[in-house]
């Protein structure tokens, strides 16, 4: 039995999930507009453990959303995950933040493009095929009416994440589908973390750093 503690702090959404073999057994989340991570993260961890009737020493691994995203949120989450991993002597698993957004797409589509708001008309985005396999790595890019046209011309493209709102205003392509109101969440990390656990795909706790993608801009 693999019991994994999943932490998501890459955006304003602060969430914690406990999973057993990829299935969530306890969950806490605060999706307020203000960053509550410093105040809520460890409270959520304690509450999730209590709900699942599990001791912190009984978990098998800690999984953290590694970015890109908010510098502040990522720093808090990764520091907490590394501290727990080191003190408990448990493996550390990292999950790309955009991949957890992709896992929330349920409808059939040819491509999935998760995007996080990076201020003004810029987003952090990557590209996945309909099987949820990454086919283009993550980039910070400024949106315009021709963004992602090479994929839109080939088939249906589902855009998801908090960067969708501003792209929807300038993209009128018939193949574009927009999933609004979705944020990275620890719920979507559970299955991905369990896959990595089975593969012994762990991070070096001493050297692991968040994937900021860009230089620090205070958020």
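What FRET efficiency comes out for residue 136 versus residue 209 if R0 is 22 angstrom and r is the Cβ-Cβ distance? Round to the nearest 0.05. The partial results should precede the final answer.
Values: r = 23 Å, r/R0 = 1.04.
The value I calculate is 0.45.
Shape class of region 166-219 from the alpha-carbon gyration tensor: oblate, with a/c at 1.5 or above and b/c at least as large as a/b. Residue exposure proxy: 183, 1, 115, ordered by other Cβ atoms within 10 angstrom of their Cβ from fewest to most, comes out as 1, 183, 115.
What's the Cα-based Rg to Rh of region 21-111, Rh via Kirkwood? Don't jump to the answer; show the numbers that get you there.
On the way: Rg = 14.4 Å, Rh = 14.7 Å.
My calculation puts Rg/Rh at 0.98.
When 117, 107 are arranged by Cβ crowding within 10 Å, least crowded first, meaning fewest neighbours, the order is 107, 117. Over all directions, the projected convex hull of the C-alpha atoms in region 105-179 averages 4.3 nm² in area.
Please give the length that would be gained between residue 23 and residue 201 if that part of the chain were fully extended, namely 0.36 nm times their separation in residues minus their C-alpha to C-alpha distance (nm, one decimal). Intermediate results must be reported in sequence, preceding the final value.
Values: separation 178, 0.36 × 178 = 64.08 nm, distance 1.88 nm.
Using 0.36 nm per residue and subtracting the Cα-Cα distance, I get 62.2 nm.
A convex hull fitted to the Cα coordinates of the chain yields 116 cubic angstrom per residue. The residues 32, 188, 79, when put in order of fewest to most other Cβ atoms within 10 Å, stand as 32, 79, 188. Which of the three applies to region 128-219, rounded, prolate or oblate, going by the alpha-carbon gyration tensor with a ≥ b ≥ c and a/c under 1.5 meaning rounded? Prolate, because a/c is 1.5 or more and a/b exceeds b/c.
Counting DSSP beta bridges in the chain, what percent are antiparallel, to the nearest 5? Intermediate values should be presented prior to the final figure.
Working: 25 of 41 bridges.
So the antiparallel bridges in the chain amount to around 60 percent.
Values quoted throughout were computed directly from the atomic coordinates according to the rules given, and no laboratory measurement underlies them. A quick note: this is a predicted structure, and the numbers were derived from the prediction, not measured. Backbone-built Cβ (ideal geometry, glycine too); neighbour counts: all protein chains shown.
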